């Protein structure tokens with residue numbers, strides 16, 4: 001079946017979330033008067049992942065998961081936990097400002113999306129999270145003009161790896177799942193989820209050893225789609 005579209009994960013696939021969050025944390029720790037360390041950075045990302053999953057599962061609101069992250073992280077940084085939500089929100093705003101200032105697309109994102117546009121293949125994004133924030137990332141990092149549709153878990157009501165998180169976007173764009181490629185960095189959430197929904201999935205593994213079913217950069221997407229378009 002001819003290729004109809006390529007859909008992408010956002011964070012750590014098109015958008016460098018890890019790099020941006022690392023910069024955001026460094027700015028936040030500076031505001032607290034603390035020295036950044038690998039241990040604190042590792043703890044920050046573990047706490048982020050744990051509580052963001054609870055948000056996606058409906059246990060927390062988007063803003064409450066931010067507060068909970070600070071409740072768990074601040075003692076590790078040697079700070080006390082504020083009693084009020086308002087104070088927690090003010091503190092998180094310092095992190096958010098540094099994080100947003102560091103927002104950036106991976107260098108291979110624009111070329112890959114430009115290539116798809118040039119050969120007439122639609123591109124979309126399926127991402128877990130708050131729709132406003134995810135759409136803001138896409139706009140701020142210069143990808144908005146190259147992406148046809150953006151589907152967040154907040155918008156569709158289903159978070160990856162739920163098959164409906166993939167099938168609803170396909171239906172909305174008039175795509176056959178078997179004729180749609182999905183590219184993502186998380187094997188369980190992105191690859192297994194997409195394949196269970198009937199899409200063709202490509203695992204993006206930017207660091208470490210690639211496997212026969214993974215790619216090291218989005219440049220490989222350009223090569224693969226060029227071959228398909230020529231057939």
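The values are calculated or read from the model by the stated rules, or taken from the named source; none is laboratory data. Just so it is clear, the structure is predicted and the values come from calculations on it, not from any experiment. Ideal geometry is used to build each Cβ from the backbone, glycine not excepted, and the neighbour counts take in all protein chains shown.
Computed values, structure above
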{"item": "Conditions (1) part of a helix (DSSP H, G or I); (2) more than 22 Å from residue 153 (Cβ to Cβ); number of the one not met by residue 81", "result": "(1)"}
{"item": "Every pair of residues 6+ apart whose Cβ atoms lie under 8 Å, when the first sits in segment 89-102 and is outside the structural domain of residue 133 (by TED's automatic domain parsing) while the second is outside any helix (DSSP H, G or I)", "result": "91/82"}
{"item": "Meets criteria (part of a helix (DSSP H, G or I) and either farther than 24 Å from residue 161 by Cβ or at pLDDT 95 or above (or both)) for residue 111", "result": "yes"}
{"item": "Check on residue 110, under 21 Å from the mean Cα position of the chain (by Cα) and within 24 Å of residue 50 (Cα to Cα)", "result": "no"}
{"item": "Residue match in segment 128-142 (condition: modelled with pLDDT of 95 or more, more than 26 Å from residue 56 (Cβ to Cβ) and part of a loop (DSSP other than H, G, I, E, B))", "result": "yes"}
{"item": "Residue within segment 216-231 that is in a helix (DSSP H, G or I) and under 22 Å from residue 132 (Cβ atoms) present", "result": "no"}
{"item": "Verdict on residue 201 being touching a strand residue (DSSP E or B) at 6+ places or on another chain (Cβ under 9 Å) and at negative phi", "result": "yes"}
{"item": "Qualifying position, being more than 26 Å from residue 133 (Cα to Cα), at pLDDT 95 or above and not in a strand (DSSP E or B), among 194, 159, 178, 165", "result": "178"}
{"item": "Test: residue in segment 4-21 that is outside the structural domain of residue 159 (by TED's automatic domain parsing), more than 21 Å from residue 126 (Cα to Cα) and not in a strand (DSSP E or B)", "result": "no"}
{"item": "Boolean, residue 85 is over 19 Å from residue 44 (Cα atoms) and loosely packed, with under 15 Cβ neighbours inside 10 Å", "result": "yes"}
{"item": "Selection count, segment 197-215, where residues are in a strand (DSSP E or B) and modelled with pLDDT of 90 or more", "result": "6"}
